[in-house]
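Colleague: Next up is a structure, given as structure tokens.
We did not get these values from a lab; they are worked out from the coordinates using the rules stated. Note that this is a predicted model, so its numbers are computed, not measured. Using ideal geometry, Cβ is built from the backbone for each residue, glycine included, and neighbour counts are taken over all protein chains shown.
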Amino acid sequence: MRRPLIAGNWKMNLNRADAVALSSDLVNADKSSEVDVLICPSHIYLDAVSSTLGDSGISLGAQDVYFEAGGAFTGEISTGMLSDVGCQFVILGHSERRHVMGETDSLINKKVKAVLEAGLTPVLCVGETLEDREAGNTEAVVKTQFEGSLADLSPEQVQKTVIAYEPVWAIGTGKTASPEQAQEVHADLRKLLNDRYNSETSEQVRILYGGSVKPDNASNLMSQPDIDGALVGGASLKADGFTAIINAANQNVA
Ligand code: PGA
């Protein structure tokens, strides 16, 4: 049985006071203990949010990292720095990194390896554009991203990753994939995990859905057999909405 994970990706939003207030509200919220909760603030507020989270059980994640351990890489942040401020997770290959910053599968693969080597958990994002979907290429695009981003990893390493399926056309647009559309891709990913690694890996890895997840659609999405949680952008910026999504995930924990 995979434990649901609800992750909030705050992106480039909030200031220090708002980030601390939101994390404090989440610590104090009445939420299910059957669901793992993760929040990913901007790098610059990780330290402040980490202090607020304390031993609340809410995990802290970063939105990106560089793969080198240190040195002359102006503007970048290392896995060691993230561990130092209490991060346990790192989102990698988010569609905004792929499409706005031009990140490739081979760069993302280096980052996934660095994150695993540092003992952190990667949340690897994959997903097709509207153009890909309309051309019937969803399965092929997702497979290429999956294989490229996870290249050269052992089954044991892949078992330590979280995958997030985020159709690009559903991110920040208010258009959510239907539960059936999402389930179809999640099942493809689960099969890839089985075929390329083994059944243990496919049974263990959590596959989150992301793209306009809201309190009113979360429950239907998470009732699908291969959807193990959500990566939430806009709706994670308000404590009550994010808590409602956490509690919706709980309904599916038998
Ligand atoms: P959204 O973002 O929930 O605002 O669509 C999801 C994401 O990009 O992780």
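Colleague: So between N15 and D216, what do we pick up on full extension, going 0.36 nm a residue minus the alpha carbon distance?
Modeller: In short, 69.6 nm is gained.
Colleague: Which net charge results when you count Lys and Arg as +1 and Asp and Glu as -1 among the other residues whose beta-carbon is under 11 Å from that of Q183?
Modeller: -3
Colleague: Additional query: Dipole magnitude of the chain about its Cα centre, charges +1 at Lys/Arg Cβ and -1 at Asp/Glu Cβ only, in debye to the nearest 20?
Modeller: It comes to approximately 200 debye.
Colleague: Collect residues whose amide H, placed 1.01 Å from N in the peptide plane, falls under 5 Å from the amide H of I91; neighbours closer than 5 in sequence don't count.
Modeller: Placed amide hydrogens put A62, Q63, D64, V123 under 5 Å from I91.
Colleague: Taking θ = phi - 60°, what integer Hz values does the Karplus form 6.51 cos²θ - 1.76 cosθ + 1.60 yield along the range 131-147, in sequence order, with x for Gly and Pro?
Modeller: Result, ordered by residue: 4, 4, 5, 5, 8, x, 9, 3, 4, 5, 5, 5, 5, 4, 5, 4, 5 Hz.
Colleague: Which whole-Hz ³J(HN,Hα) couplings does the range 212-226 yield from phi under the Karplus relation 6.51 cos²θ - 1.76 cosθ + 1.60, θ = phi - 60°, glycine and proline marked x?
Modeller: The phi angles translate into 6, 6, 9, x, 7, 10, 4, 5, 5, 4, 7, 7, 6, x, 9 Hz.
Colleague: Taking the square root of 5 times each eigenvalue of the Cα gyration tensor, what semi-axes in Å does the equivalent ellipsoid of the chain have, largest first?
Modeller: Semi-axes from the Cα gyration tensor: 25, 23, 17 Å.
Colleague: Sticking with this structure for a sec: Neighbouring Cβ atoms within 10 Å as the yardstick, rank M81, M101, M1 fewest first.
Modeller: M1, M101, M81
Colleague: On to the next question. Can you give me the relative contact order of the range 51-161 as a percent, contacts being Cα pairs under 8 Å and 6 or more apart?
Modeller: 24 percent
Colleague: Let me ask you something else. P(r) of the range 49-182 in 10 Å steps, Cα pairs, percent per bin?
Modeller: Per 10 Å bin, starting at zero, the Cα-Cα P(r) for the range 49-182 comes out as 12, 39, 33, 14, 2 percent.
Colleague: May I ask for log10 I(q)/I(0) of the range 13-62 at q = 0.24 Å⁻¹, from a Debye sum over the Cα atoms as equal point scatterers with solvent left out?
Modeller: Debye output, listed in q order: -0.86.
Colleague: Where does the chain land at 222 nm, in deg cm²/dmol rounded to the nearest 500, when only DSSP H runs of n ≥ 4 count, each adding -39500 (n - 2.57), divided by all residues?
Modeller: -12500 deg cm²/dmol
Colleague: Taking H as built 1.01 Å from N, whose amide H comes closer than 5 Å to the amide H of V232, not counting residues under 5 places away?
Modeller: Under 5 Å from the amide H of V232: A7, G8, N9.
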